[in-house]
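Report on one structure; see the data block that follows.
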Amino acid sequence: MPCRDTRNRLGPLARATLSLALQLGSCALAQSAPVSWNHPWHSSEEQQFVREAIAEHIHALTDNSVKTYSLAELIDLAESNNPETRVAWERARAQAASLGVARSELYPTLAAAVLSHTGRAEVDFGSRFDGQAIQEFQVALDLNYTVFDFGARRGRINAARAQLFATNFAFNDTHRNVIYQVEQSYYRVLSSMGQEDAARASLSNAEAVQQAAEDRLAHGLATLPDVLEARSATAQAEYDLQSVLGAEQIARGDLATAVGDRASLTINVQPLDQLPMPDSISDTVDAAIDRALSQRPDLMQQVAQIRSANARVKEERSAYFPTLSLTVSPAEQALYGYQSPYPSTHTTELGGAMSFGLLWTVFDGGARKNRLLQARSNVRQAEAQAEVKGNQIADEVWTAYSNLNTALRQRQAAVALLEAASQSYDAALQSYNYGVRSLLDVTAAQRTLAQARSADVFARTQVLTSFAGVAFRTGDSIQSTRRSHP
């Protein structure tokens, strides 16, 4: 049978219903999962998410090409504007609210209810039906209180309090990581700036050698291969400079991100030459390890987890004992009635109930036993994790301390290397101009000098980075009385 066009047969209400169904169907389709695995998903609502994502980004700084920021200023900005610190802060506040919820179990709960009901009926009275109306109004209170539970509530409160300590220590650890992130980015910027200066100096030396070779070629004292070798050295120096400039841009973006802003923000910092350079470390590695074990927030977080696990043991042990609760339900009731042909009447009364309840689980198939065993196992696990963390911290401090001593020794060697390479380059270039040395000797000396300059910059920034690493591993960076920034 052929299909007929039924559009004209639909009434206005049916057409409106069909239109609404199609609109709802299209909306549901727009909010559904992607229809295919091989194409990106797009929707009309996508732009709203884009606008919200852009609005969430807050600028910590404004572009200022004049101001030069110190490390301490950048750390203060990061602690105020890096979203990681806000995430940890809100997590700690949420845990504080959880502690408040656990403490509320120590108090009774009180609920109030107001009820009103009107009923009308025809009542058979003798040989007739009389209309009857009754209005009921009732105010009731319901009070519940756990009188005694053998420490179950106290165990939950202690566990929540320990978790609050853990989240607070995690908050401090977030600040420790943010500070270290800023320090690392800051010193990478200083290193890239120093490497840029070294690369430009190397390019200038290469150009000087090239100019000397071209002058000697013009006077018939050098060969064309010498000039080509000099030009190759200049091109290599230019290549190295561009590589350093690219690394500097990346380092500046990392620094801007660390302080909580977009990577394109320009932040001016002090040059490496203007920073004081420490040449020794004051305390021993054993003192540094002891200090780390006493102030590292991630270790304190593990100790808080042990407290929380012990509190859970107390809570699970209380399940073997009964719970005594009190319930009080006072209520005041008012009734208003009318039945024709009699006059209206009303009455008011106070009622309610009070009861004590004793709940004791006699048998549960071993559930309490296994929950208690699980809680005790969690305690031993938390203790072992704290021991692992302590050993890890000691190893981290030992490594950071060793890296610092190595950086200090490398710094001394880099100074001597730079001085020797500078003298060797000057002597080689002078001898080449006198025709005593070949161009290969000069370019080799020039490359050695470029490497010495780069090593000197690396050694200086490595000393500063290693000091920051020791402060990070020991937890000194978040101690207000110990924090210092070279």
Which residues, taken from the range 200-215, are charged (D, E, K, R) and in contact (Cβ under 8 Å) with a residue 40 or more places away in the chain? Arg200
Just to be sure, is Asp279 of a type in the set (Asp, Glu) and under 30 Å from Ser70 (Cβ atoms)? yes
So Trp89 passes all but one of these: (1) aromatic (Phe, Trp, Tyr); (2) modelled with pLDDT of 90 or more; (3) exposed (fewer than 14 other Cβ atoms within 10 Å of the Cβ). Which condition number does it fail? (3)
Taking the stated definitions as given, is Asp76 within 19 Å of Thr174 (Cβ to Cβ), at pLDDT below 95 and among the acidic types (Asp, Glu)? yes
Of all residues in the range 304-361, how many are over 56 Å from the mean Cα position of the chain (by Cα) and assigned to a strand (DSSP E or B)? 14
Answer from Gln184, Gln195 - the residue that is under 21 Å from Thr443 (Cβ atoms) and part of a helix (DSSP H, G or I): Gln195
Boolean, Leu245 is under 38 Å from the mean Cα position of the chain (by Cα), of a type in the set (A, V, I, L, M, F, W, C) and over 30 Å from Leu373 (Cα atoms): yes
Taking the range 177-216 only, how many residues are touching a Leu at 6+ places or on another chain (Cβ under 6 Å) and under 22 Å from Thr85 (Cα atoms)? 4
Please work out if Trp37 is of a type in the set (Phe, Trp, Tyr), modelled with pLDDT of 65 or more and in a loop (DSSP other than H, G, I, E, B). yes
Are there any pairs with C-beta distances below 9 angstrom linking a residue in the range 399-421 that is charged (D, E, K, R) to a residue that is part of a helix (DSSP H, G or I) and surrounded by 19 or more Cβ atoms within 10 Å (Cβ to Cβ), with the two at least 6 apart or on different chains, and if so which? Arg411/Asp456; Arg411/Ala459; Arg411/Arg460; Arg411/Gln462; Arg411/Val463; Glu419/Ala452
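The values are calculated or read from the model by the stated rules, or taken from the named source; none is laboratory data. All figures in this text were calculated on a predicted structure; none of them were measured in a lab. Ideal geometry is used to build each Cβ from the backbone, glycine not excepted, and the neighbour counts take in all protein chains shown.
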